[in-house]
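The values are calculated or read from the model by the stated rules, or taken from the named source; none is laboratory data. Model, not experiment: these values are computed from the prediction. Note: ideal-geometry Cβ built from the backbone for every residue, glycine included; neighbour counts use all protein chains shown. Calculation scope for accessible area: heavy atoms of the full protein, side chains included, ligands and nucleic acids excluded. Shrake-Rupley method; radii C 1.70, N 1.55, O 1.52, S 1.80 Å.
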Amino acid sequence: MRSSRIVARAIAATVALVAFSACTQVDAPTGAAAPQLNPEFRNDVAASSDPVIVAAGDIVCGNGTPAGTPCKQAQTAALIGTVNPDAVLLLGDNQYEDGTYAEYQSLYGPTWGQYKSITYPSVGNHEYQTANAQGYYDYFNGVGVQVGRAGDRAKGYYSFDLGAWHLIAINSNCGNIGGCGVGSAQEVWLKADLAAHPNSCVLAFFHHPKFSSGAHGNDASTLALWQALYNAKADVILNGHDHDYERFAPQTPAGVLDNTNGIREFVVGTGGKEQRAMGTTVANSSLRSNTSFGVLKVTLHPTSYDWQFVATSGGTLNDAGSSNCVGLPVQNTPPVASISAPANSSSFTQGASVTFTGSGSDTQDGSLTGASLAWTSNINGAIGTGTTFNKSNLSVGTHTITLTAKDSQGLTGTKTITVTITSAPVNQPPVAHFTASCGVITSRTCSVDASASTDDHGIVTYGWVWGGGKTKT
């Protein structure tokens, strides 16, 4: 059973985040006054024990978007107000076509920008069509500000806590930050960040999906990051890039189904830009759709999560579900002891051989045997170990017999019965009785009728002594 806990860490940052509430007006960038945050960690967010996030990528059409392209960013932004989340996660390509600062101000700002104070962005490839994703960082961090809401503009990755969950924004534009492979700065940071949060449910979000049945297909560039997340038993990965919605079953970084420790990936490229045809369906894809714009709503419980796709008007996609977190330590539970023999309240004569049989079962360790099963008597103390043994020298009296099962972590479970040992009867000599009837003495013939009360063993031997020293039995 996983234990519930609310993570309450306050990681150092230079300016606290604005309290979480949905804004009703455009929150324009404030230049040098924008939040100054540590480049690798974010302030933890004060939220309910079951905070709600919404997420999507591939959102706002830009000035260079071809005429006639479906652009539904206003409709998807309106969904945020209906959900009223604690946080909004951006999955990259948030502003087309090049993610310039002017586009972010004039197009993103009046729609999704209404929720900037509760937004946690990740950067897409279209943002990097402006050198160094300058427009993206200027909008979220402040013009020219190195470190802010989008992390360090030289890195683009950061993490924060929300309720009992640890959330990680990753930069999947690997070529722009020195790579994402083993030993890269981001991979080293990610492993350290995960090691610092071993008791949290974990959600990571970034632009390029490792697995996708969309037009772009699988992208192996984040394999090392996936492996670090999988090794740390992360729970959820959210991506964009492909303009569709797709949910995967829990799987390993190699794409092997793993319902025990696997990560569940969602592709949510449904934020407003036109949707595209699906490609080849890849393994472990549970659901795919390119017919609905919308956002993914995720409720973060202390040890589990619920998901629901919320579609814009006219959308037909309906996907919802729940899952437990896989990365939390399992709470050890005491083993269960059971005695099958002798029966409770049994009685035996002193010296009789008594057979004791019992068992112990443990959720974590399975069946317990040997020294893990200890038998004691309140009269005689320790009397045996293991699943079965015989005992023939129990003292007279009523014994409280206790079987104690002990697991590998020292937790115990017990079962007790009572057994009564009675005294053996004291051996007593038998008492003989007889009557005799003789005929004429000279015939030397007599009829004898003998009896005896038996001794405690129930065996009597008759011995006769006749005159003249003769004996007869």
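Close contacts from region 290-312, counting a first residue that is free of Cβ contacts under 8 Å to residues at least 24 places away in the same chain and a second that is hydroxyl-bearing (Ser, Thr, Tyr) and assigned to a strand (DSSP E or B), with Cβ to Cβ under 6 Å and a gap of 6+ residues or different chains, come to 306/299; 306/322.
Only residues that are of a type in the set (Val, Ile, Thr) and open to solvent by 10 Å² or more (accessible area, probe 1.4 Å): list them for region 208-235, please. Listed by number, the list is empty, since nothing qualifies. Just the residues that are in a strand (DSSP E or B) and either open to solvent by less than 20 Å² (accessible area, probe 1.4 Å) or of a type in the set (D, E, K, R) (or both), please, taken from region 285-307. If the condition is that a residue be in a strand (DSSP E or B) and either open to solvent by less than 20 Å² (accessible area, probe 1.4 Å) or of a type in the set (D, E, K, R) (or both), then 288, 289, 294, 295, 296, 297, 298, 300, 305, 306, 307 are the ones that fit.
Regarding residue 386, is this residue surrounded by fewer than 20 Cβ atoms within 10 Å (Cβ to Cβ) and in contact with a helix residue (DSSP H, G or I) (Cβ under 7 Å, 6 or more places away or on another chain)? Criteria met by residue 386. Identify, please: which residue in region 412-432 is among the aliphatic types (A, V, I, L, M) and not in a strand (DSSP E or B) and is, among those, most open to solvent (accessible area, probe 1.4 Å)? Checking each candidate, the answer is 426. Considering only residues in region 389-403 that are within 11 Å of residue 375 (Cβ to Cβ) and under 43 Å from the mean Cα position of the chain (by Cα), the one that is surrounded by the fewest Cβ atoms within 10 Å (Cβ to Cβ) turns out to be 389.
The rows are residues; the columns are (1) under 17 Å from residue 311 (Cα atoms); (2) out of contact with any Phe, Trp or Tyr (no Cβ under 8 Å at 6 or more places or on another chain); (3) modelled with pLDDT under 50.
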{"residue": "12", "(1), (2), (3)": "no, no, yes"}
{"residue": "23", "(1), (2), (3)": "no, no, yes"}
{"residue": "45", "(1), (2), (3)": "no, no, no"}
{"residue": "60", "(1), (2), (3)": "yes, no, no"}
{"residue": "80", "(1), (2), (3)": "yes, no, no"}
{"residue": "83", "(1), (2), (3)": "yes, yes, no"}
{"residue": "86", "(1), (2), (3)": "no, no, no"}
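From the list 76, 65, 69, the lone residue that is within 20 Å of residue 242 (Cβ to Cβ), part of a helix (DSSP H, G or I) and modelled with pLDDT of 50 or more is 76. Picking from 310, 282, which residue would you name as being assigned to a loop (DSSP other than H, G, I, E, B), of a type in the set (Val, Ile, Thr) and surrounded by fewer than 24 Cβ atoms within 10 Å (Cβ to Cβ)? Residue meeting the stated conditions: 282.
Could we say that residue 183 is touching a Ser or Thr at 6+ places or on another chain (Cβ under 9 Å), farther than 27 Å from residue 280 by Cα, modelled with pLDDT of 95 or more and not polar (S, T, N, Q) here? No: the conditions fail for residue 183. Taking the listed residues 256, 268, the one that is at pLDDT 95 or above and surrounded by fewer than 20 Cβ atoms within 10 Å (Cβ to Cβ) is 256, with no other qualifying. Checked against the criterion of being closer than 30 Å to residue 197 by Cβ, at pLDDT 95 or above and surrounded by fewer than 17 Cβ atoms within 10 Å (Cβ to Cβ), region 120-134 has at least one qualifying residue.
Suppose we keep only residues that are touching a residue at least 60 places away in the same chain (Cβ under 8 Å) and among the hydrophobic types (A, V, I, L, M, F, W, C) within region 230-261. Which one would you say is farthest from residue 323 (Cα to Cα)? This residue is 232. A residue that is within 21 Å of residue 159 (Cα to Cα), more than 24 Å from the chain's Cα centre (by Cα) and assigned to a loop (DSSP other than H, G, I, E, B) occurs nowhere in region 214-229.
Scan region 348-365 and give yes if some residue there is in a strand (DSSP E or B) and over 48 Å from the mean Cα position of the chain (by Cα), otherwise no. Within region 348-365 (the criterion being in a strand (DSSP E or B) and over 48 Å from the mean Cα position of the chain (by Cα)), the answer is yes, since at least one residue qualifies. Every condition in (1) more than 17 Å from residue 346 (Cβ to Cβ); (2) at pLDDT 80 or above; (3) part of a strand (DSSP E or B) is met by residue 409 except one, and the failing one is (3). Do we find that residue 111 is open to solvent by 10 Å² or more (accessible area, probe 1.4 Å), of a type in the set (Ser, Thr, Tyr) and within 28 Å of residue 243 (Cβ to Cβ) in this structure? It is true that residue 111 is open to solvent by 10 Å² or more (accessible area, probe 1.4 Å), of a type in the set (Ser, Thr, Tyr) and within 28 Å of residue 243 (Cβ to Cβ).
Residues checked against (1) of a type in the set (A, V, I, L, M); (2) out of contact with any helix residue (DSSP H, G or I) (no Cβ under 8 Å at 6 or more places or on another chain); (3) open to solvent by 60 Å² or more (accessible area, probe 1.4 Å):
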position: 337; (1), (2), (3): yes, yes, no
position: 340; (1), (2), (3): no, yes, yes
position: 344; (1), (2), (3): no, yes, yes
position: 351; (1), (2), (3): no, yes, no
position: 356; (1), (2), (3): no, yes, no
position: 360; (1), (2), (3): no, no, no
position: 364; (1), (2), (3): no, yes, yes
position: 367; (1), (2), (3): no, yes, yes
position: 370; (1), (2), (3): no, yes, no
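Applying the selection to region 57-105, what residues are of a type in the set (Gly, Ala, Ser), more than 21 Å from residue 312 (Cα to Cα) and open to solvent by 10 Å² or more (accessible area, probe 1.4 Å)? Matches in region 57-105: 64, 67, 102. Test residue 276 against the criterion of being assigned to a strand (DSSP E or B) and either buried (at least 24 other Cβ atoms within 10 Å of the Cβ) or charged (D, E, K, R) (or both), and give yes or no. Taking the combined requirement at face value, the residue does not satisfy it.
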